[in-house]
Every structure is written in C-alpha cells, then in structure tokens.
Amino acid sequence: MNNYIRKYGVRLAAVVLIAAVLVGLAGRKKDDGSSGAIARFSNDLSSPVQRAVGSMVAWLEDLYGYIYDYDQLVQENESLRAQLAKAQDEARSASEFKEENIRLRGLLGYLEKHTDYVTESAQIVAWDASNWVRAFSISKGTNFGIEKGDAVITEEGYLVGQVSEIGSNWATVRTLIDVNMDVGVLVGDTEIAAVVVGDYALMQEGCCKLSYFTDDVTLFLEDRVITSGNGGAFPPGLAVGTITELRSEAGGQPYYAVVQPHISIGSLSQVFIIKDYEVIE
C-alpha cells in the first residue's frame, strides 16, 4: 500500500489542487461586484466540483487511515510472531529440562544401588547415516575423562553400547545392534554364558543375536540377558534385553536366539558413560 501512495500520490495531490483552484475561481467576483465569465461558468460547476473535492478529501482521509492501520497491523503481527517464537523456544527448553531432570532422577536412583560407578552424562548430537552401522556421536571426549571402550547406559542402567572412537571433545558410541558389537552376557535364571553380537539382518529389526553358547543348554523366550562382566569391558549385571525368538542357522544347524534390547535405539537423546567402576575379583 505504501508503494501505491509513492507511485500515485503526486497525481492525487495534483487533482485535489486543480479542483481547489477551480473552486476558488468560482467564488471570485469582478471589482464592480459582478461575476466574470470564468466565475459565471464556474458557478454552474461549483456544486459538483465541491462535492467531488469533498469526496476526494474524504477518500484520501480514509486511505490514509487505512494505510496507518495497515502499518500498525503489520508491526503488531511481527511483534506477535516474535513473542510466539520466544514462547515456543521457552516451551521447548522447559520440556527438554523436564525430560533431562526425569533422566537424572532415574540415574540417581540407579546409582544409589551402584555407588562404585563414576558416570558422565552426554547428549547425542548426530547419528551415523550408514546402513551398515548403528552408531551416534556425543559432544564429550577425553577432556571429560571418557575413554575408548567405556560402557554407555541409560538412566535405568540399560546397556546402550560402547565408546568406539574418541577425541578431546567428541566420541562415537557403537550401539548394541551394530554389526561390530559383541558383549559377554549371562542368560536366564541359570545364567548361561553366551555372547550378544551384532547381525546385519537383525540390525534392521532393531535386534541383536545371542550366540556362542554350548549345544546342551536350553533357552526360553523372555529369558533376561545381562552383561557377565568377563573381560572387564562392561560392568557385570547391566540389563541388555530379553530373548524374543529362537531361530535355526542356515542349513538347520545349531540355533541362535534373537535378543530385543531394553532400549529403543532410535529414541535416545541422552546417555550416560560409565567412566570407572569397581572390578570385583
């Protein structure tokens, strides 16, 4: 609308000025009190012109009022947009803080049972985009006392994976279902020794494979799987998942079990790294 006024404003002003001059001429008289030719001619037109001028002035006033109101609305709209964006940012921050507090409270409860753990919290900043791995990056590294091989858990103590690469202010975490992952575990109430390994096909299902157990053992659906602690890479007793299916290897040879991790890998946003723990001999 402001562009319209800049473009046509001079023309409108000229029209109003000419109309005003005509009206002025229409009211002039000769010195002897009689009306001149222009005055007489103008008198015939004075009423329509005056009405036209009045209408033009009223239209200009309305136009000015509209432009003023339009500019005010634009400013108010921009102000409301800014306020809304700020409120949304504050709401997101509040939600993130609330979720983090819940996780920290959960971790506090878990750590009360494991006072030997020294942990470091970290936010997930990026996921590996490859179809061949399941890993993510965090924005903490050796500057925070984290080391390659450290176990990574959730606030409930569920195993997420292991630090596989590290820098001063970053680290890569290989998750449980990654094809390069292997964890010594104990299965069921009888604590059968086995190994959870990553498998490409199962990785697409969000699961991992239980293997390397003796042929004479019997596994059951819903058997719990926990870390054994053998080798010192992982603390013993970390919850890994449960057995959801028993399958035969190719050719009908020895079977293996499908393990569903306790955690949903893709839903993670914050994890906790176990930097140190007491090794029980």
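The values are calculated or read from the model by the stated rules, or taken from the named source; none is laboratory data. Bear in mind that the values here come from a model prediction, so they are computed numbers and not experimental data. Here the Cβ positions follow ideal geometry from the backbone for every residue, glycine too, while neighbour counts run over all protein chains shown.
Among the residues of the stretch 159-180, is any closer than 16 Å to Val225 by Cα, in contact with a Phe, Trp or Tyr (Cβ under 8 Å, 6 or more places away or on another chain) and part of a loop (DSSP other than H, G, I, E, B)?
No, there is no match, as no residue in the stretch 159-180 is closer than 16 Å to Val225 by Cα, in contact with a Phe, Trp or Tyr (Cβ under 8 Å, 6 or more places away or on another chain) and part of a loop (DSSP other than H, G, I, E, B).
Quick check, is Gly232 surrounded by fewer than 21 Cβ atoms within 10 Å (Cβ to Cβ) and either in contact with a Phe, Trp or Tyr (Cβ under 8 Å, 6 or more places away or on another chain) or not assigned by TED's automatic domain parsing to the domain that holds Thr154 (or both)?
no
Return the total of residues in the stretch 235-270 being in contact (Cβ under 8 Å) with a residue 24 or more places away in the chain and within 16 Å of Ile177 (Cα to Cα).
Count: 19.
Please indicate, with yes or no, whether at least one residue in the stretch 176-183 is modelled with pLDDT of 95 or more and under 23 Å from Glu278 (Cβ atoms).
Yes, because at least one residue in the stretch 176-183 is modelled with pLDDT of 95 or more and under 23 Å from Glu278 (Cβ atoms).
Of the conditions (1) crowded, with 21+ Cβ neighbours inside 10 Å; (2) within 32 Å of the chain's Cα centre (by Cα); (3) modelled with pLDDT under 95, Gln162 satisfies every one except a single condition; which number is it?
Of (1) crowded, with 21+ Cβ neighbours inside 10 Å; (2) within 32 Å of the chain's Cα centre (by Cα); (3) modelled with pLDDT under 95, only one is false for Gln162: (3).
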